[in-house]
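Encoded as structure tokens, the structure appears first; notes follow it.
The values are calculated or read from the model by the stated rules, or taken from the named source; none is laboratory data. Predicted, not measured: the structure shown is a model, and the values here were computed from it. Glycine gets a Cβ as well: all are built from the backbone with ideal geometry, and neighbour counts include every protein chain shown.
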Amino acid sequence: MPSNKNQHFVPRCHLSQFCVDENRSAIHLFNIIRDKVIYNAPVKGQCSKTYFYGINLNVEKALQTIEGIYSRCIRDVLAGNFDESTAFGLKTFAVLQFFRTEAAALRSLSFMKGFVDLIDPSGKDGLQAQVWNQEQALASSLKMMLDSEKFFEDLKPVIILNRSDADFLTSDDPAVLVNRYYAQRMKQDNFGIASSGLMLCLPLTSKHYFLAFDRLVYTIEGTCNGFLETYNPRDIDSLNELQAIKAASNVYFARKSQESYVRSIVAKSTTRRKGTWVEHSTFKLQSECTKQEIYVRTSPDDFSGSGTGLISISPKYPIPSSWFSSLKFRHKPITFNNGSAVGHVRRKEWLTASGRSARRTSRL
């Protein structure tokens, strides 16, 4: 096969840390769709497709540069070093990894296709022909990553050291965004990357895990030079469950002895996995006056008729059955909001686009 033809959307530098051998050529996997374990699967064939990022190799080579930095960061973490440069490199890679996978491309495609299906369900307006192919959807997802990087700069990073008997798992879509604050305090699962309470998660090795979190909402005690040790098996379960919930097909692990554990984590996640990670909501204009318009939620069938309407497209995110216990709510979490649909965000200036004055809130 020509060089760079087999392009990984989860790079080998990540998967290699979960390999079964010193040569880092094989890995164990559990295929969720087929409910099947495969031992010693070749790493070179995992999470890859022929020219996934394009035949001109521009994207592939740009990604390889970031992967090289990530590999250095992993070596630093394994050596017990977690300085500002290493934290930045890991966070950059985690954000990129969230947007670069096949699953990310499918999420991007679902955004557009769902929108077109609602406004032109019969295809009479010819909009169906404008729906992206996977390459265009992937390009859109990667552009979104470039536009979104600034919204992760404020998150506080920590490395979790796993001292339990269970290993960390990874998957074919390993970078995860979750929000305990929205799930438990706001009773919502449709948040954004600017939202208060955001957490960015990525397993690094079987015993190391990267977590970046909103420092105005959460706090962690017991860290030493950016590392936090945990012996609590429930904490490991909660982080591994995120991998099983979000995985497209495969969960990866390093030791055969972990098979029954992997099966238990996948079984626990079954009801929490999503058929689609995108939600489309429709609203029709009910009444209007000089100062406001009132819309009511309606079904897609009613929406496709005549009249004025709105479409809301929101991503969905995993919610585990339990949360990492060392990450606790602050006594008074600090958020910013102005009563708009933007909700509670981490920085006041992120609300200015709505045109309404912001207020700082502390929620008990």
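Does the range 289-312 hold any residues that are at pLDDT below 75 and of a type in the set (D, E, K, R), and which are they? Matches in the range 289-312: LYS291, ASP301, ASP302.
In the range 1-37, the qualifying residues are those that are of a type in the set (A, V, I, L, M) and either in contact with a Gly (Cβ under 6 Å, 6 or more places away or on another chain) or loosely packed, with under 13 Cβ neighbours inside 10 Å (or both), and the one that is nearest to SER71 (Cα to Cα) is MET1. Scan the range 146-182 for residues that are closer than 19 Å to VAL345 by Cα, surrounded by fewer than 16 Cβ atoms within 10 Å (Cβ to Cβ) and touching a Phe, Trp or Tyr at 6+ places or on another chain (Cβ under 8 Å) and the total you get is 1.
Checked against the criterion of being in the same structural domain as ASN250 (by TED's automatic domain parsing), farther than 30 Å from LEU146 by Cβ, of a type in the set (A, V, I, L, M) and assigned to a loop (DSSP other than H, G, I, E, B), the candidates VAL37, VAL20 yield just one match: VAL20. The range 237-304 holds strands (runs of 3 or more DSSP E) entirely within its bounds, and those carrying 2 or more residues that are surrounded by fewer than 16 Cβ atoms within 10 Å (Cβ to Cβ) map to 278-288, 293-298. Taking GLY197 as the residue in question, decide whether it is farther than 24 Å from GLN97 by Cα, part of a loop (DSSP other than H, G, I, E, B) and of a type in the set (Gly, Ala, Ser). No.
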